Every structure is written in C-alpha cells, then in structure tokens.
Amino acid sequence: MRRRTALAISLLAVGAIALTACSGGGGGGSSAGTGRGDITIWYSNNEQEVEWGKQMVEAWNADHPDEQIKGQEIPAGKSSEEVIGAAITAGNAPCLIYNTAPSAVGQFEKQGGLVDLSKIEDGASYIEERSGDVAQQYQNPDGDYFQMPWKSNPVVIFYNKKIFAKAGLDPDHPSLGTYDQFLDTARKLVKSGAAKWAINPSPTSQFFHANFDFYPLYAAATGGKQIVEDGKATFADQAGYDVADFWATMYKDNYSSKEQFQGDSFAQGYAAMAIVGPWAVSVYKDVNWGSVPVPTKDGADPKDVWTFSDAKNIGLYSACKNQATAWDVLKFSTSEEQDQKLLEITGQMPFRKDLQTTYADYFAANPAYQAFGDQASRTVEVPPGPNTVQMLQAFRDAWSESVIFGKGDTKTALDDAAKKIDTIAQQP
C-alpha cells in the first residue's frame, strides 16, 4: 500500500515535463559509450532497497578501486518520475537509476535521456538470458531495450483469515476462484458484518490504479494479454467486459467503497481482502492472512493464472560519462548473487526465468513468498511507448465513470476508451 501511495502522487508530471523538455540528445536516447571511471547511481528510498543498494555498492567498490560507485537515495520530489524527468532535462541524471517505472520509460526515451541497451554488444543477450521471454514486454515498439527488467511485485489476493472465520467462511479454503464465487463470498463478508467492505481497491482517478483492479483480472482472463498491443487497445472484448461487469457489481452492491479510505483498510480490518504484491508480507505481519491468485470468470488452475507485475526497472541514463563502467555495474547488480540478496533483503522478485530453482533454498525457508515466486513467471506489464501514461489515464477515466460510479454502460465505456487509446497510441 505504501509503495502504491508513493507512486500515486504524480506520475502525470512525467508527461508535463516531457512536453516542456529540451534535453540534449533528442528523442530516442543513445547507445552506450566506452568511458570508464567513477559513476553515481540512485536507488529507491524504501528502507529495504536502501539496505540492498548500500551493500551492493560496498561489494563493487571493494574490488574496483578505479571505478567507484557513489550510491544515494533518489532525491525527494512529488514523485521519483518527476525527479528523473527533471534531471534528464537538466542533463545531470546519474548513470543508473534503480527505480525506473516502466510507465515512464517511453517518455524518458523520448526526452533522449536513456541509453539503448540493445546497442551494447551483449545488451539484449544479457537481458534475455537473465529474464527469459518476459523481457519482451520491456522492449519499446521497435524491439529495443531502454530499460533493464529488474524486479517485480506480482499482485495476488490477500484475505484476512480472522474476518473470514467471523463471517462463517472457511479461512483455509476460501471460495474465491470464480467471479460468482468471489461475489458470493463478498456478499457474505459484508452482510454478516464481519467487514465493512469485502475488498477496497482505490477508487481514485489516477491512471495507475487500473493496475490494481482491472489489469490483474484482465491478465488472468486472457492468459497474459497487455491492454494495448501493436498500437491497438485489446480490452474492448468479452474478457474486458466481464471484468468490468464484475467490478461494477462490487461497487453497486457496496462490497467495495466508492470513496477513498484514509489509511489502510486491510490492515485496519475494514476490508477483508486486498490486491497486493510480496511487499505486503512484511507490511501485514500483524494480520493472519492467506493468499490466492486473482479470480477468473470460470475458475482456472492457479498455476495458469497471470497477473500484473508492478515492476521497477533499471535505466542507464545518457548523461553518464562512464557508460562502460555503468553497464558492468548494471550486470553486477543483477547477477545471481546480487539477485539473491535483493530477494533476501526486500522480498521482491528478481526478473529471472529460473527464479524458483535458482533460489530453491530461499523459498523453502520462506514459504510466505512461494506463491509470489511462482506467480512471477506469469506477469503482464503496462504497454510500452511514449504515451503510456496518457493511454492508461484515458482508460481510468472511462473506468471511474462507468464501473465505479455506475454512470453509463460499461461495454460502451470500454469501447469508447479503446477508440480513444487507439488514437493516442499513434501519436509520436
């Protein structure tokens, strides 16, 4: 929840910055240079990621006296994306940023702020060898990598076992696999008085909130389809209509709130369920929770269910003078050893095609993360390109009006949003 709130503040500022930017290099970024020497990196100000970043920097610096890393938390601002966009505009971005949102990458590329990792001799091969097929979702529309897939927080359903038991439901075998089962369980939770709401995703209008209500269920319904593919919206189909109708019922019957809750409704016991990633294991340590994949219309084997990735990636920024060193550091920081430390320190899932087998001992010792380790191989990302934020905002606007607030037909709303997004997707 706190991760989402930090992101929530102002990714729309990225678009505004890009519109006013006159950064050097122009659109499309650049290929990596050959310079070597000291570099600066930024990492998230999340406590666990700071711990990971500091140990990574220390490990590198101990063996590279002539190529030292200066690591620091990303500077404070309305959002990390606004801070990064401003640094690109000013020409003083660091070499590497370990907090690069996929939704912002297209804008950063358009500003000329990112290095095309595909132009590095072993760039694409390294990315694809580490991450497998999922890496393709992080290519731009031309098939190039302007971001290194780094870590994901695949979202699932957390449910409060105490509340389920209070409602007379089986806390160890919840009936949540299909839309009808989920709705029936939601009804029992609310009607019994065990919880005020069954589940309470944010009803606010920021574009990224679609990633925590519509997108996970659409990914599950379609076996991993992005909501925009090849410049065309995909969601105005039966799967999309079904997901919209499911959530419309949740809001109409007051199983979810139309008003923003001030606080954490799951942690405080107002909501019996939440859509969360592995970060929630430590955040909700005081809740007796269980987890299941997001529902599908007719139910699916959990091992076949896809979801939203909630990823953060690494960018190599074109203002960096010592880009050869930066690329070596990027590879070092995503090595098998450092990925293990990332997993152990933060609980977030490195983008590794062999994640569960490589770190089998970790998952055996930390069963709370096993479901996330399995789910990490079936995640869907936001669509690529310079207009990602605008496309997602157009979707969210239609969703808010029709699904959350019940104004108009959901099918018509999705159809109209798809037409609008098709137009936006064609814009440079």
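The values are calculated or read from the model by the stated rules, or taken from the named source; none is laboratory data. Because the structure is predicted, anything quoted here is derived from the model rather than measured. For accessibility, only protein heavy atoms count, side chains too; no ligands or nucleic acids. Shrake-Rupley method; radii C 1.70, N 1.55, O 1.52, S 1.80 Å.
In whole percents, the pair-distance distribution calculated for segment 132-203 from its alpha-carbon pairs, binned every 10 Å from zero, is 16, 35, 15, 18, 14, 1. Computed on segment 325-367, the Cα convex hull volume stands at 69 Å³ per residue.
Karplus-based coupling profile of segment 101-114, in residue order and whole Hz: 6, x, 5, 9, 4, x, 5, 5, 4, 4, 6, x, x, 10, with θ = phi - 60° in 6.51 cos²θ - 1.76 cosθ + 1.60 and x standing for Gly or Pro. Geometric descriptor of segment 70-197, per residue, is 197 Å³ (volume of the convex hull of the Cα atoms). Applying a threshold of 24 Å to the alpha-carbon distances of 188/411; 196/285; 151/225; 166/196 flags 188/411 as lying beyond it.
Normalised by residue number, the volume inside the convex hull of the Cα atoms of segment 126-249 is 142 Å³ per residue.
Please state the shape class of segment 296-418: rounded when a/c is under 1.5, otherwise prolate if a/b exceeds b/c and oblate if not, all from the C-alpha gyration tensor.
On the way: a/c = 3.41, a/b = 1.42, b/c = 2.40.
It comes out oblate by the Cα gyration axes.
How big is D for segment 38-115, in µm² s⁻¹ as a whole number, if Stokes-Einstein is applied with the Kirkwood radius of its Cα pairs at 37 °C and 0.692 mPa s?
Calculated translational D: 249 µm²/s.
Per the Kirkwood definition applied to all pairs of different Cα atoms, how many angstroms is the hydrodynamic radius of the chain?
Values: mean 1/r = 0.0454 Å⁻¹.
Hydrodynamic radius (Kirkwood, Cα only) of the chain equals 22.0 Å.
Per the 1.4 Å probe, what fraction of the accessible area of the chain, in percent, lies on carbon and sulfur atoms? Accessible surface attributable to carbon and sulfur in the chain totals 47 percent.
Counting every alpha-carbon pair across segment 218-370, the share separated by more than 18 Å comes to 72%. Measuring max minus min along each principal axis, the C-alpha atoms of segment 268-328 give extents of 51, 31, 17 Å (largest first). Under the classification rounded if a/c is under 1.5, otherwise prolate if a/b is larger than b/c and oblate if not, where does segment 207-266 fall, given a ≥ b ≥ c as square roots of the Cα gyration tensor eigenvalues? Judged from the Cα gyration tensor, segment 207-266 comes out prolate (a/c at least 1.5, a/b above b/c). Average accessible surface for the chain: 40 Å² per residue, computed with a 1.4 Å probe over protein heavy atoms with every protein chain in place. For helix 47-63, what angle does its Cα long axis make with the longest principal axis of the chain, in degrees from 0 to 90 and rounded to 10? Once rounded, the angle reads 30 degrees. Hey, what did segment 76-216 get for relative contact order, percent, Cα under 8 Å, at least 6 apart? Once divided by the residue count of segment 76-216, the mean separation gives 13 percent.
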